[in-house]
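Taking it in order: structure first as structure tokens, then the write-up.
The values are calculated or read from the model by the stated rules, or taken from the named source; none is laboratory data. Everything numeric in this text was worked out from a predicted model, so none of it was measured. Cβ placement follows ideal geometry from the backbone for every residue including glycine, while neighbour counts extend to all protein chains displayed.
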């Protein structure tokens, strides 16, 4: 028996074996998906550590609230002192400042992407645990925007345009290539500019 | 049936009847993996649909039991999903997936060795229609029997080479053995198999 005949025989035998047992494979994808439920792939060690060190969403909101309240107290106090010291000061506008939303550590970060014929655009990134955050184009001019309050740090993200990955945001600070495609990187706050 | 050499991961049985009207259907592999990574299990379902024949064939080749192969195929896809973040893009996805399946197969074989009593007898794979038991089928049965008798260390690389169409380098990655060893084992496996199949002899060029 020639070698290539043997190879062909092995190939053919295995293929026919799979074929005859193929009923076992019917609906396997549904069974796997059902078994997975709604769980996501496990976090890598780094992500796990990052999540452990980062405050939970609840804790973060509590932190924001405390910071906000503290800032409000200081502002009010500052205004009260300023008002007290200036006899003729035009402070009409000042109380409004005190009533304005309390500043927090978070920076409002604008995500903008021109996508003229898109039906939906969202941004996914490390800030949202790679969950999609939709961008809006209310005036229909093809410029999609979202403004997200983000604590200082380094973020990896990408846009998803009609279900397709778009990793190179022209406004990004840098790009990385991971998992076969590009992702954008942006630094918020004191994390340093540029890559 | 002559089998056109499929790209690795491409099943040799095309389950067109399983084709789903799904957006995932048209997405490329990386997009599907991205979506899976974001927790979209339906995208993972499409990956399963694309690779299930290849993984099942590997498991069946390794384990020689359709029931075990079905179990391990299922487990391999669950395991791969859970560990998707560990997938390194420098490797082909199929190679990574096959590595998981091969490791699970090895564990199952070890379990079988340690639990010989509870081990269900290894089924003769098949379910061949007796009416179709023509000479070609007989030859296939002999090859299958030969594969079953072939020691695992020889059978595994042979299956990866001729069923999954992996290169020697990829086989060495999947089985975690040096590439040189892969070559010699495949060479030796073919020699043993030839002996096992016996002098039945000539295997015709198969016609589709």
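Restricting the search to helices (runs of 4 or more DSSP H) fully inside segment B:89-208 and requiring at least 3 residues that are modelled with pLDDT of 90 or more, within 10 Å of chain A (Cβ to nearest Cβ) and under 30 Å from residue B:33 (Cβ atoms) gives B:152-162. Scanning segment B:60-83 for residues that are buried (at least 22 other Cβ atoms within 10 Å of the Cβ) and over 28 Å from residue B:144 (Cα atoms), we see that the one that is nearest to the other protein chains (Cβ to nearest Cβ) is B:81. For segment A:1-37, taking the residues that are within 7 Å of chain B (Cβ to nearest Cβ) and either in contact (Cβ under 8 Å) with a residue 40 or more places away in the chain or in a loop (DSSP other than H, G, I, E, B) (or both), the one that is surrounded by the most Cβ atoms within 10 Å (Cβ to Cβ) is identified as A:21.
Would you confirm whether or not segment A:117-139 contains a residue that is at pLDDT 80 or above, more than 26 Å from residue A:41 (Cα to Cα) and surrounded by 13 or more Cβ atoms within 10 Å (Cβ to Cβ)? Yes, the conditions are met somewhere in segment A:117-139. Among the residues of segment B:57-96, those that are touching a helix residue (DSSP H, G or I) at 6+ places or on another chain (Cβ under 8 Å) and farther than 30 Å from residue B:146 by Cα comprise B:78, B:79, B:80, B:81, B:83, B:84, B:85, B:87, B:88, B:91, B:92, B:93.
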